[in-house]
Amino acid sequence: MRTKLMIAMAGIAALLLARNLYVILLELPDEAAQGAIYRIIFFHVPAAWTAFLCFFAAMIASILYLVKKDLRHDAFAASATEVGLAFGAANLISGMIWARIIWGIWWTWDPRLTSMLVGWLIYAGYLMLRRAIEDPTERAKIAAVVSIFAFVDVPIIFFSIKWWRTQHPQPVVWAGGQMDPAMYNMLFMNWIPFLLLGAVLVMIRMNQERAQREIDAMRRYAHAM
Amino acid sequence: MAIPAVRGTAAGKRTQPPRLSFLRQSLTIASKDLRSELRTKEALNASFAFALVILLLFSFAFEPTAEQTRQIAGGLLWLVFAFAGALILNRSFARELPNDCLDALVAAPISGAALFAGKALANLALLAAVELVCLPVFGVFYNVPWTQQFWPLMLVLLLGTWGLTVIGTMFSALTVNLRLRELMLPMLVYPIMIPALLAAVQLTTPLIMGEPLTAELIPWLRLLAAFDIIFTALALALVETVLVR
Amino acid sequence: MDARNFTYMFYGFLAVWLVLCAYVVSLAARERKIRREIERLKMMVEEKSSTGAP
C-alpha cells in the first residue's frame with residue numbers, strides 16, 4: 001500500500017516536472033537582463049523552500065519525540081533532516097552557478113546564501129552527531145535537542161548576517177525589480193513536484209530507519225540465543 | 001497571587017523557598033567546579049597557553065603593526081576566545097565522568113537546570129579569566145588602546161562570553177558520553193554561535209580601538225543580548241531531559 | 001530562446017539533479033546494505049535455532 005503511494009507520488013512529481021520544464025524552457029520569456037540563466041531560479045528557490053520545510057518538520061518531530069518518546073518521531077526527524085540537506089546542497093550549488101554568471105563570482109556573502117550555508121553546516125553536524133551515538137534512545141534524545149537549537153538559531157543567523165551585509169555594498173538580485181507574475185507562479189508550480197519528491201525520499205529513508213531497528217532487535221535476539 | 005504566596009511560606013518551613021534555593025544550588029555547583037579547576041588548573045592552563053599561541057600565530061598570518069590588522073582586531077580577539085574557550089567547555093561535563101560523578105550530580109536533589117546554571121557560571125568565570133589575561137597581551141602585541149573604552153568593552157565581553165558559555169555548556173552536556181566529544185563540540189558550537197560571534201566582533205572592533213559605542217552599534221548589542229536570553233531560556237528548559245538517562 | 005548564458009543554465013539544472021541523484025544513489029546503497037544485513041541475521045537465527053534445539 002505504502003509502496004504504491006510512493007510510486008504514485010513519484011510518478012505525479014515526474015509528470016509535473018516534465019510539464020514545468022516544457023513551460024520553463026519554451027513558453028516563459030527570457031529575463032531582459034540575464035538571458036537564459038535566470039531559469040535556474042525555478043529549481044534553486046523551490047529547493048531552498050523544500051529544505052527549510054524539511055528542517056522545520058524535523059524540529060516539530062523532535063519536540064514530539066521529547067514529549068512522547070516514540071522512536072518513530074526520531075526516525076522522521078532524522079529522515080527529514082537528511083532530505084533537507086540534499087535539497088539544501090542542490091540550492092547552494094545551483095545558486096553558485098547562477099552567481100558566477102550574474103554577479104561574476106562564485107560566492108557572495110549574501111544573507112540568504114550565507115544563512116543556508118551555516119544552516120547546512122549545523123544540520124550536517126547533527127547527522128555526524130547521530131552517527132557518533134550508539135544507543136538509540138540516547139541518540140534520539142540528544143539529536144532532538146540539537147535539532148531544536150538549530151532551528152531556533154536559523155532566523156537569528158539570517159537577521160544577523162542581513163545586518164552585517166547592509167553595511168557593505170551588495171549585489172542587486174533582480175536588476176529589473178519586480179518579477180513577472182507568470183514567472184512568480186512558476187516558482188510555486190515547481191515547488192509541488194519538489195515537495196512530492198521530498199516526501200517520497202523521507203518515506204524511503206524512514207522505512208530504512210524502521211528496518212534498522214528490526215536489525216538491532218534481531219541482533220539482540222540472536223545474541224540472546 | 002495569594003495562593004502561591006501561602007504555598008511558598010508553607011513549603012518554606014520545611015525547605016528553602018524555591019527561587020532562592022535554585023540560585024543557591026547553582027552557586028554551590030559553580031563554586032565546586034571552580035574549586036576543583038583551581039586545584040589542578042588543567043583546563044585553565046591549557047586554555048591560557050593555547051590562547052597565547054594563537055595570538056602569536058596571528059602575528060605571522062597578518063602584519064601585526066599594519067592599520068588593516070587593527071581593523072580586524074575584534075575578529076582576531078574573538079577567534080582566540082572561541083578556540084581557547086572550547087578547551088574549557090570540553091572539560092566542563094567530561095570532568096565529572098571519572099568515579100561516576102555525573103550520575104551522582106544528576107541523582108542529587110537539585111534540578112538539571114540548577115546544575116546547568118552552576119556549570120555555566122563556573123565556565124563564565126574561567127573564560128572571563130582567560131580573556132582578561134589575553135586582552136592586555138593583545139593590546140601590547142597589536143598596539144591597540146583597549147583601555148580607553150574599558151567598561152563598554154567589558155559589557156560586550158560579558159555578553160559575548162555568556163553566549164559562548166551557554167551554548168558551549170549545553171553542548172558539553174549533550175556530548176559528554178561520546179567518544180568523539182572533543183571533535184563534536186567545536187563542530188556543533190561554532191556554527192550555532194555565529195550570530196553572537198558576529199555581533200561581538202562588530203562591537204569589539206571599534207571599542208578596542210578606543211572609539212565610543214555609537215547609535216548604529218546599539219542593534220548589535222540588542223542582538224547579542226537577545227541571543228543570550230533566547231538560548232539561556234532554551235538550555236534551561238531542555239537540559240533536564242538531556243541529563244536524565 | 002535567448003542564447004546568452006545558456007550553457008550555465010544547463011549546468012545549473014544539471015547540478016540540482018546530480019545532487020538529488022547522488023542522494024538517491026546513497027539511499028539505494030544503504031537499502032542494499034540493510035537487506036544484506038537482514039538476510040545474514042535471518043540465516044544466523046535459523047542456524048542457531050535448528051542446532052540449539054535438541
Filtered residues of region B:219-228 (kept if under 13 Å from B:Ile167 (Cβ atoms) and more than 10 Å from chain A (Cβ to nearest Cβ)): B:Asp228
Please determine, by comparing only the residues of region B:71-93 that are over 16 Å from the mean Cα position of the chain (by Cα) and part of a helix (DSSP H, G or I), which one is modelled with the lowest pLDDT. B:Gln71
Is there any pair linking a residue in region B:179-200 that is at the interface with another protein chain (Cβ under 7 Å from one of its Cβ atoms) and over 18 Å from A:Met116 (Cβ atoms) to one that is aliphatic (A, V, I, L, M) and outside any helix (DSSP H, G or I), with Cβ under 7 Å and at least six apart or on different chains, and which? B:Met184/B:Leu178
Selection within region A:76-130 - farther than 28 Å from B:Leu183 by Cβ and of a type in the set (Lys, Arg): A:Arg100, A:Arg112
Given the residues B:Leu178, B:Leu198, which is the only one that is closer than 22 Å to B:Leu77 by Cα and surrounded by 18 or more Cβ atoms within 10 Å (Cβ to Cβ)? B:Leu198
Does B:Val156 count as over 19 Å from A:Lys141 (Cβ atoms), more than 8 Å from chain A (Cβ to nearest Cβ) and surrounded by 21 or more Cβ atoms within 10 Å (Cβ to Cβ)? yes
Output the residue which, of all residues in region B:201-227 that are under 22 Å from B:Leu121 (Cα atoms) and surrounded by 21 or more Cβ atoms within 10 Å (Cβ to Cβ), is farthest from the chain's Cα centre (by Cα). B:Leu223
With the requirement that a residue be within 14 Å of chain C (Cβ to nearest Cβ) and over 20 Å from the mean Cα position of the chain (by Cα), what does region A:100-130 give you? A:Arg100, A:Ile101, A:Ile102, A:Trp103, A:Gly104, A:Ile105, A:Trp106
Filter region A:1-30 for residues that are in a loop (DSSP other than H, G, I, E, B) and touching a residue at least 40 places away in the same chain (Cβ under 8 Å); the one that is surrounded by the most Cβ atoms within 10 Å (Cβ to Cβ) is A:Leu28
A:Val67 fails exactly one of the following numbered conditions: (1) in contact (Cβ under 8 Å) with a residue 40 or more places away in the chain; (2) surrounded by fewer than 16 Cβ atoms within 10 Å (Cβ to Cβ); (3) closer than 30 Å to A:Ala143 by Cβ. What is the number of that condition? (1)
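The values are calculated or read from the model by the stated rules, or taken from the named source; none is laboratory data. In this text the structure is predicted, and so the values were computed from the model without any measurement. Virtual Cβ from ideal backbone geometry, glycine too; neighbours counted across all protein chains shown.
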